[in-house]
Amino acid sequence: MKAQHTCHCEEQQSLCVGATWQSRCSFKQATRLLRRAWPSLCPLAMTWVFVFVTFASFAQTPYYDYNYNQAIKSVEFYNVSKQGSFPMMGLGAKQQLQLAFDDLRGGNRNYYYTIQHCDENWYPTNISSIEYLQGIPDDRIVDYVYSSGTNQKYTHYELKFPTDNLVPKISGNYVLKVFEDEDQTKMVLVRKFYVVGSKVTLLANIVPSVNARATNQKVNFQVNYGNLPVQNPAGDLKIFVMQNGRPETGMANVQPTYIRGNQLIFDDPGINDFPGRNEFRHVDTRSLKLNSDRIGHIYHDTAYTVMLLNDYTRNLPNYSFLYDNNGSFFILNSDGAGDPKRDADYAHMYFTFATTKTPAEGTPYLVGKFNNYMLDEHSKLAYEPVKGRFVTDLFLKQGVYDYQYVWVDAKTGRPDDIALEGSYFDTENDYQILVYYRPSNARWTELVGFRQLNNTDGNTNRRK
């Protein structure tokens, strides 16, 4: 089954896949298309799609975070400076990213990895790997450990990257690809990351929205490109702004509001106006012996079963504070010996959403960073007519998980992450601003600027 969205790009028709467009539309066209895909959230360039497709040709489609095998669980990818942080590192800096994942098949498999440079739209860059990769073309993942004292057996793999054997040479968007037996047709997972070569200065702040003051947060910023040779600011520089590290929430900026010397100012009232959304819901399974605040019952037989309390709509008139991790998850275990990568167990976790809505109206999906915000059969809730609620069973490792519900309308097929959750100016959010540079004679796109800021820290810039 495929859920299709028609691309209105003049060059060709396309299939919308995984929050990206399968046709090679331009940066600006892609934003316009995403707005058409979800007009209820315009001008926010955001799209959600069903993904029931196979990936036969990586060269023809943009990359996005994806697990190709359902036995691969609990994938984490972040800068080692802070667990769960944005997967960004400086070009030539002594920084590393950490990849960690479990293979529920157990045993020891021959996993290899490589990296691929991409353009600002996550299409593979048409250059040789020699131009962006220093060292060998791929390398083996050798750091692994077997689970200990758990009902669910698994092998935990870790990789700290770059290594002496494999280092990115140029800035830009990259994907880390993991595959079996040194054979890239046996793909296991793909994760995006960013290498920034700082060549511009970014100043930014978050202000109340002009058009939706109670629900939205507006990001204003300016880019000072200094001595960077920029012939056409609107063509050579492209800026992408996203909320909580989620590309599907992103807004593309091409035309500045105005230019002052070598500064590009983006502060028009109609741009970068984000729904504040709501704080994420959360569940805490650090202990499978004691109930946390959202757990009703825990059963233990041949496997753990966790029954969560009912969830309800939070699209209410007033904002209520709830501490969250902006969609992230953390593998933690308070029952074990202190090493959750090997002694944290898995559990069947039952989520229920009580509502007066019926399948004739639409379907809720449960998403978070733990499943890449993917709308598919694994995140879809089934309806229980007797109890008048939707339910799903997720097999998750012990830890703390943020999640939210996305409602997909039955008639239009349009996903909406505000219908069940609400949107408020008061919601705490991180915003990432990325500046891409590609003059007309260049063969690849550089990432020349990055800034992360939060709306609750006095509008001061900060990095995580």
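Every number in this text was worked out from the coordinates using simple rules, so none of it is lab data. The shown structure was predicted, so the numbers you read here are calculated from the model rather than taken from an experiment. Cβ: placed from backbone, ideal geometry, glycine included. Neighbour counts: every protein chain shown.
Show which aspartates and glutamates lie in cross-link reach of LYS199 when reach means a straight Cα distance below 15 angstrom and same-chain residues fewer than eight apart are skipped.
ASP236, GLU446
Enter the per residue convex hull volume of region 166-209, computed from alpha-carbon coordinates, in Å³ rounded to the nearest integer.
Roughly 123 Å³ of hull volume per residue.
Set the Förster distance to 45 Å, then compute FRET efficiency between ASN126 and ALA382 from the Cβ-Cβ distance, nearest 0.05.
E between ASN126 and ALA382, to the nearest 0.05, is 0.55.
Please compute the Cα-Cα pair-distance distribution of region 281-416 with 10 Å bins starting at 0, giving whole percents from short to long.
Pairs per bin, as whole percents: 11, 40, 35, 12, 2, 0.
Add -39500 (n - 2.57) for each DSSP H run of 4 or more in the chain, then divide by its residues: what number comes out at 222 nm, to the nearest 500 deg cm²/dmol?
Mean residue ellipticity, 222 nm, calculated: -1000 deg cm²/dmol.
Report the far tail of the P(r) of the chain, meaning the percent of Cα-Cα pairs longer than 43 Å.
Pairs farther apart than 43 Å: 12 percent.
Give the Rg (one decimal place) followed by the Dmax (whole number) of region 158-317, computed from C-alpha coordinates and expressed in Å.
So, for region 158-317, Rg and Dmax equal 22.8, 69 Å respectively.
Could you please rank SER171, SER148, SER328, placing first whichever residue has the fewest other Cβ atoms within 10 Å of its Cβ? Each step should come with its number before you reach the end.
Details: SER171 26, SER148 11, SER328 20.
Ranked by crowding around the Cβ, least crowded first: SER148, SER328, SER171.
What lysines could a cross-link reach from LYS186, if we take a straight Cα to Cα line under 29 Å and drop same-chain neighbours fewer than 8 places away?
List returned: LYS2, LYS73, LYS153, LYS160, LYS169, LYS177, LYS341, LYS369, LYS380, LYS397.
Per residue of region 410-419, in order, report the coupling 6.51 cos²θ - 1.76 cosθ + 1.60 (Karplus, θ = phi - 60°) as ³J(HN,Hα) in whole Hz, putting x for Gly and Pro.
For region 410-419, the Karplus-derived couplings read 5, 7, 9, x, 8, x, 8, 8, 10, 4 Hz, x marking Gly and Pro.
Stretched out fully, how many nm does the piece from ASN224 to ARG105 gain, at 0.36 nm a residue minus the Cα gap? Please list the in-between numbers first.
Details: separation 119, 0.36 × 119 = 42.84 nm, distance 5.07 nm.
The ASN224-ARG105 span can extend by a further 37.8 nm.
Compute the projected area of the convex hull of the Cα atoms of region 379-422, averaged over all viewing directions, and report it in nm² to one decimal place.
Working: hull surface 17.3 nm².
Its average projected convex-hull area is 4.3 nm².
Taking a temperature of 37 °C and a viscosity of 0.692 mPa s, what whole-number D in µm²/s does Stokes-Einstein yield for region 68-196 with Rh from Kirkwood over alpha carbon pairs? Can you show the working numbers first?
Numbers: Rh = 15.2 Å.
Answer from the Stokes-Einstein relation: 215 µm²/s.
So if R0 is 30 Å, what FRET efficiency would GLN95 and ALA71 give, r being the distance between their Cβ atoms, rounded to the nearest 0.05?
That pair, GLN95 with ALA71, gives E of 0.45.
For THR305 paired with ALA442, estimate the spin-label separation in nm (one decimal), with each label point 7 Å from Cα along the Cα-to-Cβ line.
Here the answer is 5.6 nm between the modelled labels.
As an exercise, identify the trypsin sites (Lys or Arg not before Pro) in region 87-161 lying in DSSP coil whose Cβ has no more than 12 other Cβ atoms within 10 Å.
Qualifying residues, ordered by number: LYS94, ARG105.
What are the ³J(HN,Hα) couplings of region 275-291, residue after residue, when phi is run through the Karplus curve with 6.51, -1.76, 1.60 and θ = phi - 60°? Round to Hz, x for glycine and proline.
x, x, 6, 10, 4, 5, 6, 8, 9, 10, 10, 4, 10, 9, 10, 10, 6
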